[in-house]
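Please treat every number below as a calculation from the coordinates, not as lab data. Note that the coordinates shown come from a computational prediction; the quantities given were computed from them, not determined experimentally. Glycine also receives a Cβ, built like all others from the backbone with ideal geometry; neighbour counts cover every protein chain displayed.
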Amino acid sequence: MCGIAGYIGQIPNSSNCLEAMVREIHHRGPDDRGIWKNDEAGIGLAHARLSILDLSSAGHQPMHSVSKNFVIVFNGEIYNHKNLRSELDSHSHINWSGHSDTETLLAAIECWGLEKTLKKTKGMFAIALWDTQKHTLHLARDRFGEKPLYYGWVTTASTAASAFVFGSELKALRAYPGFANPVSREALAMFMRFTYVPSPYSIYQNIFK
């Protein structure tokens, strides 16, 4: 199953923040977990791993591309990743370090770019991709929304500064230090009407799914 979480924002104790966020989704990936951060850029990524396609440490996340231009956390499965590998190998020789579809995604993004890679990809997924050169974060989800992805802006109780946060479950976002987003009255009304909160809303203000 796996789980992802992260933020963009300047905060103290960033490692503690990421550990707290990923701890809340440990049940999604009990086999391994990892964090990566760049305090200068104000970016942090976390991953809880359920090992399926590659049981070795070669599938550990967050994962860097060979060029170090990209860092990814990924939840899901790419059904055609072996076909993508074959297509990539026909273009250039790649020294694969493992057998995970995460590594395939990164190699494809380096070769074709994110948009073309997603168009070629068949599967269920939620992805957070950080471009270390352009300092940009991309979030992507499969076409049917099988893999959950919550995202939005947090204003903490102790400061007016806001941060962009994301994760596989709301509880990961609530673990961000000082989370104080109030319940959305609009979302609450929809819950009372439909018995669920429809997309793109969540029960919290400024948090979406």
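Data table
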item: In nm, spacing of pseudo-spin labels at residue 10 and residue 195 (7 Å Cα→C-beta vector); result: 4.9 nm
item: Value at 222 nm in deg cm²/dmol, rounded to 500, when DSSP H runs of n ≥ 4 in the chain each add -39,500 (n - 2.57); result: -7500 deg cm²/dmol
item: Amide H partners (placed H, <5 Å) of residue 152, local residues excluded; result: 165, 208
item: Beta bridge orientation in segment 9-72: antiparallel %, DSSP, nearest 5; result: 90 percent
item: Nonlocal amide H pairs with residue 51, under 5 Å, H built at 1.01 Å; result: 31
item: Distant-in-sequence amide H partners of residue 184 (H built 1.01 Å from N, under 5 Å); result: 204, 205
item: Of 43, 11, 78, the one that fluctuates the most in a GNM where the chain has Cα springs shorter than 10 Å; result: 11
item: Net charge, residue 201 excluded, C-beta distance under 9 Å - Lys, Arg +1, Asp, Glu -1; result: 0
item: Qualifying GluC sites (Glu not before Pro) for segment 1-89 [loop in DSSP, other Cβ within 10 Å: at most 16]; result: 40
item: Inter-part distance where segment 110-146 and segment 17-90 are each reduced to a Cα centre, Å; result: 13 Å
item: GNM result for the chain, Cα springs below 10 Å: residue of 114, 45, 106 fluctuating most strongly; result: 114
